[in-house]
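Quick notes on the structure that follows.
Bear in mind these aren't lab numbers, they're just calculated from the coordinates by the rules spelled out. Predicted model, so just to flag it, every value in this text is computed and none were measured. Neighbour counts run over all protein chains shown; Cβ positions are idealised from the backbone, glycine included.
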Amino acid sequence: MTETETALSEELFKIAPDVELADIDRSADLREEFDIDSMDFLNLVTALGKRFGIPMPEADYPQMRTFNDLARYLSSATS
Amino acid sequence: MSEFRMPSLGSDMEAGTLVEKAVASGDTLRSGDVIGAVETQKGVIEIEVYENGTFDRWLVEIGQTVPVGAPLALIRGGEEVEPSPEEPSPSETPPAPPETVPVPPETEPDIPEEPEAPPETVPTPPEVEPFHPKPVEPEIVPGPPELPEAPVPDPNDTPQEIPIPTHIEPEFPPEIVPFQHEATSQVRPRITPAARRLAAERGIDVSAFAKGTSDTITRRDIEAIDASKSGRVATDFRTAIAAAMARSKKEIPHYYLSHDIDLTIAERFVATENAKREPADRLLMGAVCAKAVAAATAKFPEFNGHYSNNSFHPSKPVNLGFAINVRSGGLVAPALFDAESLSLNDLMLNLRDLTKRVRAGRFRARELSDATITLTSLGERGTDAVFGVIYPPQVAIVGMGAARARPAVVNGELAVRTMATFTLAADHRVSDGHRGALFLRAIDRNLQTPEEL
């Protein structure tokens, strides 16, 4: 796993500790896969924004739809 | 010097285990402060003090299980807020000492106890108008665990004494993090909240299992341990929900209304606001709707309060129960206190804090017992409409369906709008469909001017 993927999975674990990364489809809807609601997602975005020091604007949410999307978004936003 | 005793949950709780200490000798205490947490068969519940003073010392160690009523700690000096002597007290089980917080089942705010439970009164928010609990017939109101009312009924109580912080760093509610840190660094193994809850539900002794492992125990581990003992279908959680809902359906003559609300304006408002905000300060549509419901509820008192002893006791503050899904299964609806007078931003912060604590398996007795109306939402992945079951002793529940783009007629033209179906289930003993319709329409109106919320 890349560094951003590791960070992302750590933050996801804090929100959905009962879901194993190995069990999910990384190219499917993140909210479905981890059974997270809008509050969980906002907490995830908040945590990632803090961790990487990036704004994570709401307008970019469509680019954060799946695990892979989000990892890619974080990589490009931090590089 | 006074003793702080193991709180009583009711007839079925005999003992509890101290799992976390949040205060140490010499700490200053205010009424409402959380001093620690105890684990019962029904989960971890925070314990609050109802007096001001100085914490003297703990009398039991973490991990120690003591019977209900046994002293847990000593508190020095300060003004003790004693309940009045007339306070009804359970006659059979040892009465909960005044300064303790009864531990409710961690589900719906109102779980009927066993029929032979001691007389209990319906806990009433401090400001609820005419309700002065007198000893009641046990068979009339099988209420939730009795709250010591006296510690908080002073209407002049400062808002700070309500144990919900109005401003809280949303990332790490202070009462959670230090606990976990202490817990993990001492006796208790590292365990995820979901795993801890599951272990509690299934009666698995985590500390025995965890010896020698440095890994965090996950829900999967607990399931593995439990795999051998299959067959326990109904958990405590589900049993409690079943009891409350069965009572509701049996006693409350529900009526139902449904109304489609155009959320296009509210959605734009949220998007415009959030574009200006850091993630930590962003709004959710759920919070905007909660505020709209709270504001409408304040103007329709017949939907806000408790029904007990064959009469309705309206509440002045709107303590809006917000139904929150718990990952390991089940649902709780803890209260956002005084939701009608909170600003939208504060309501959002409180909702965030509450959700976080509920998901971590931690909430307070008053949050469960003092809700005066409930809002339930299935979220964006839910269905078009949800028809709620009222949580007794409340008299109304508002349901919010998933918001989605739908065809609608606006100014005589067909348009695509973001719509959500709102429903009301209310108690016909207290209100009727005419008022219910006006209430739902008031919520609709509030949502058309979200900037005024």
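Things worth noting here:
- Cross-link table A:K50/B:K356; B:K249/B:K356; B:K21/B:K291; A:K50/B:K276, entries beyond 25 Å C-alpha to C-alpha: B:K249/B:K356; B:K21/B:K291
- For the range A:13-30 versus the range B:391-453, the spacing of their alpha-carbon centroids is 34 Å.
- Classified by the C-alpha gyration tensor, the range A:3-78 has a rounded form. Its axis ratio a/c, with a ≥ b ≥ c, is below 1.5.
- Going from the residue with the fewest nearby Cβ atoms within 10 Å to the one with the most, B:E267, B:E14, B:E367 rank B:E14, B:E267, B:E367.
- Rg(Cα) / (2.2 N^0.38 Å) computed for the range B:250-452, rounded to two decimals: 0.99
- Positive minus negative residues near B:E267 (Lys, Arg vs Asp, Glu; Cβ under 12 Å): -1
- Checking every one of the trypsin sites (Lys or Arg not before Pro) in the range B:228-318 against DSSP loop status and a limit of 13 other Cβ atoms within 10 Å picks out B:K229, B:R232, B:K276.
- Cβ crowding within 10 Å ranks B:Y50, B:Y255 as B:Y255, B:Y50, fewest other Cβ atoms first.
- Cβ-based net charge around B:R404, under 9 Å, with every Lys or Arg adding one and every Asp or Glu removing one: -1
- Taking other residues whose beta carbon is less than 10 angstrom from the beta carbon of A:S75, and scoring Lys, Arg as +1 and Asp, Glu as -1, yields -1.
- Global geometry of the range B:271-330, whether rounded, prolate or oblate, following the gyration tensor of its Cα atoms and the 1.5 cut on a/c: oblate
- Rounded, prolate or oblate (a/c below 1.5 giving rounded, otherwise prolate when a/b exceeds b/c) for the range B:334-439 by Cα gyration tensor: oblate
- Per-residue shielding of B:278-289, expressed as the average number of other chain Cβ atoms within 10 Å of the residue Cβ, stands at 4.
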